[in-house]
Amino acid sequence: MEETAQLKIGDKVYELPIIEGTENEKAIDISALRGQSGLITIDPGYKNTGSTKSAITFLDGEKGILRYRGYSIEELAEKSTFLEVSHLLIYGELPNAETLNSFRKDITQHTLIHEDIKNILEGFPSNSHPMGVLSSLVSSLTAFYPESLDPNRSVAEVDLSIKRLLAKLPTMAAWAYKNEIGHPANYPDNRLDYCSNFLKMMFAVPSADYEVDPVVANALDKLLILHADHEQNCSTSTVRIVGSSHSSLYASVAAGIGALWGPLHGGANQAVIEMLQNIKKDGGDVKKYMAKAKDKNDPFRLMGFGHRVYKNFDPRATIIKKAADDVLAQLGVNDPILEIAKGLEEIALNDPYFIERKLYPNVDFYSGIIYRAIGIPTSMFTVMFTIGRLPGWIAQWKEMRENKEPIGRPRQVYTGMNLRPFVALDKR
Ligand code: MLT
């Protein structure tokens with residue numbers, strides 16, 4: 001017997017089906033409500049509204065659970081690699097040794113980007129924000145690979161578009177950074193693994209050999225795993241709704257980059273470091289700033305604490321905090337900004353005001369600390385989030401296409417003027 005919800009409107013009662021997921025989550029299916037009652041529901045920001053059914057990522061904000069295709073983020077961060085997790089998210093299973101080798105080879109052969117992309121880069125002023133450059137470069141792939149424009153091509157052709165994007169994004173990201181600082185771009189070194197290749201493209205300079213520090217490459221790989229997907233967040237929902245119009249994968253991801261850029265979303269890790277730098281500039285008094293955070297009349301906003309989904313703790317932050325401690329210790333980093341961060345963390349984890357409000361350090365607080373410690377410039381922090389989230393966006397776009405989901409078209413409640421006659425200019 002199907003479970004239903006009853007909705008009484010006036011003297012009518014509407015029966016609405018209740019669906020249940022594999023983790024016992026329940027939802028009221030309102031897809032027939034407007035046809036039956038003439039009414040819609042409204043939920044600004046869709047915080048209480050499911051947009052889809054998905055088999056990719058499960059999270060429980062109350063219990064601090066995050067799983068990709070059923071595997072816990074804790075196990076994946078400890079035991080797998082970003083390339084394995086990308087395969088898991090996109091194709092639904094962890095690869096075995098043979099499929100991983102083949103997947104790695106497919107990615108490696110596409111890491112180069114068209115030389116004409118240098119002309120596009122040269123069109124950007126050197127102080128351009130790398131997120132704006134990256135979104136444009138991803139969109140430009142539709143010009144270099146016009147067959148990617150049609151998402152209804154064969155499975156093999158769509159898969160080629162997917163692998164090209166996974167392979168080329170790190171190269172485009174590194175080139176956007178080199179363009180920002182006016183340095184010559186580095187070509188990919190396909191002898192290296194995914195993260196090591198990116199680090200070398202970012203930091204190698206013509207005058208010296210560049211050796212990748214395995215501690216840094218390992219920390220980066222873990223960070224990318226932790227950012228790989230997060231169910232229907234703002235940027236993933238953007239990728240899905242753009243893709244729902246049968247727009248290409250590259251156009252959908254370019255739009256997702258725009259959404260992730262916002263300081264309330266992927267830009268939060270950049271905002272954390274900027275907050276720490278401002279505190280340092282003002283003398284570095286963490287007690288003063290945590291008191292300002294408590295003062296409702298003070299404009300100071302604490303960035304990198306709490307989370308809109310996780311009510312008690314962000315499981316990714318727990319993992320990243322340990323990685324941050326390990327990396328700082330192993331690299332012997334001694335940075336006053338990071339000392340300020342530890343001071344804020346100490347207060348937030350012990351002061352009842354922050355504990356009661358669940359204002360614990362989140363994934364963005366610690367990721368910014370690691371990125372800074374391994375030499376990633378602040379302007380590139382959200383680009384790092386983009387590289388991590390790419391396989392999640394791809395998996396969600398692919399699932400939406402495979403499930404033949406309809407074009408996204410939310411409704412509204414109109415609150416404007418009622419009908420009024422046009423008044424000629426000389427009468428206004
Ligand atoms: C994310 O990982 O996308 C962020 O935590 C934001 C979110 O899930 O809403």
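Just so it is clear, none of the values below were taken in a lab; they were calculated from the coordinates. Computed from a predicted model, the values in this text were never measured in an experiment. All Cβ positions, even for glycine, are placed from backbone atoms using ideal geometry, and neighbour counts span all protein chains on display.
Would you be able to tell me the number of residues in region 53-111 that are out of contact with any Lys or Arg (no Cβ under 9 Å at 6 or more places or on another chain), within 16 Å of the ligand (Cβ to nearest atom), among the hydroxyl-bearing types (Ser, Thr, Tyr) and more than 17 Å from ASP221 (Cα to Cα)?
1
Within region 235-250, can you find the residues that are touching a residue at least 24 places away in the same chain (Cβ under 8 Å) and either surrounded by 23 or more Cβ atoms within 10 Å (Cβ to Cβ) or within 16 Å of the chain's Cα centre (by Cα) (or both)?
Residues satisfying the conditions are SER235, THR236, SER237, VAL239, ARG240, ILE241, GLY243, SER248, LEU249, TYR250.
Checking the condition over 30 Å from GLU23 (Cβ atoms) and hydrophobic (A, V, I, L, M, F, W, C), which residue from ILE113, ILE73 passes?
Checking each option against the conditions leaves just ILE113.
Any residue in region 222-234 that is within 20 Å of PRO44 (Cβ to Cβ) sitting within a Cβ distance under 9 Å of a residue that is among the basic types (Lys, Arg) and more than 9 Å from the ligand (Cβ to nearest atom)? List the pairs, counting only those 6 or more apart or interchain.
GLN232/ARG240
Return the residues of region 206-224 that are in a helix (DSSP H, G or I), crowded, with 19+ Cβ neighbours inside 10 Å and over 11 Å from the mean Cα position of the chain (by Cα); say none if nothing qualifies.
Residues satisfying the conditions are VAL216, ALA217, ALA219, LEU220, ASP221, LYS222, LEU223.
So, GLU74, is that one assigned to a helix (DSSP H, G or I), under 28 Å from the mean Cα position of the chain (by Cα), more than 26 Å from THR111 (Cα to Cα) and touching a residue at least 60 places away in the same chain (Cβ under 8 Å) or not?
For GLU74, the condition - assigned to a helix (DSSP H, G or I), under 28 Å from the mean Cα position of the chain (by Cα), more than 26 Å from THR111 (Cα to Cα) and touching a residue at least 60 places away in the same chain (Cβ under 8 Å) - is met.
Is it true that PRO184 is away from the ligand (no atom under 16 Å from the Cβ) and surrounded by fewer than 20 Cβ atoms within 10 Å (Cβ to Cβ)?
Answer is yes for this residue.
Going residue by residue through region 168-183, is there one that turns out to be within 17 Å of TRP393 (Cβ to Cβ), over 18 Å from the mean Cα position of the chain (by Cα), of a type in the set (Ser, Thr, Tyr) and in a helix (DSSP H, G or I)? Talk me through it step by step, then tell me what you get.
Step one: of region 168-183, the residues within 17 Å of TRP393 (Cβ to Cβ) are 168-170, 172-173.
Checking the rest, the ones that are also over 18 Å from the mean Cα position of the chain (by Cα) come to none.
Checked against the condition, which is being within 17 Å of TRP393 (Cβ to Cβ), over 18 Å from the mean Cα position of the chain (by Cα), of a type in the set (Ser, Thr, Tyr) and in a helix (DSSP H, G or I), region 168-183 yields no hits at all.
Inspect all residues belonging to region 268-285 and state whether any of them is without any contact (Cβ under 8 Å) to a residue 12 or more places away in the chain, part of a helix (DSSP H, G or I), away from the ligand (no atom under 16 Å from the Cβ) and farther than 22 Å from LYS63 by Cα. I'd like the intermediate steps shown before the answer.
In the first step, residues of region 268-285 are kept if they are without any contact (Cβ under 8 Å) to a residue 12 or more places away in the chain; the result is 278, 281-283, 285.
Checking the rest, the ones that are also part of a helix (DSSP H, G or I) come to 278, 281.
From what's left, away from the ligand (no atom under 16 Å from the Cβ): 278, 281.
Checking the rest, the ones that are also farther than 22 Å from LYS63 by Cα come to 278, 281.
Yes, there is a match, as at least one residue in region 268-285 is without any contact (Cβ under 8 Å) to a residue 12 or more places away in the chain, part of a helix (DSSP H, G or I), away from the ligand (no atom under 16 Å from the Cβ) and farther than 22 Å from LYS63 by Cα.
Taking region 372-408 as the region of interest, how many residues are more than 22 Å from GLY243 (Cβ to Cβ), more than 16 Å from the ligand (Cβ to nearest atom) and either crowded, with 17+ Cβ neighbours inside 10 Å or of a type in the set (Val, Ile, Thr) (or both)?
7
Name the single residue, out of those in region 354-364 being in contact (Cβ under 8 Å) with a residue 40 or more places away in the chain and in contact with a Leu (Cβ under 8 Å, 6 or more places away or on another chain), that is nearest to VAL327 (Cα to Cα).
Among those that are in contact (Cβ under 8 Å) with a residue 40 or more places away in the chain and in contact with a Leu (Cβ under 8 Å, 6 or more places away or on another chain), it is VAL363.
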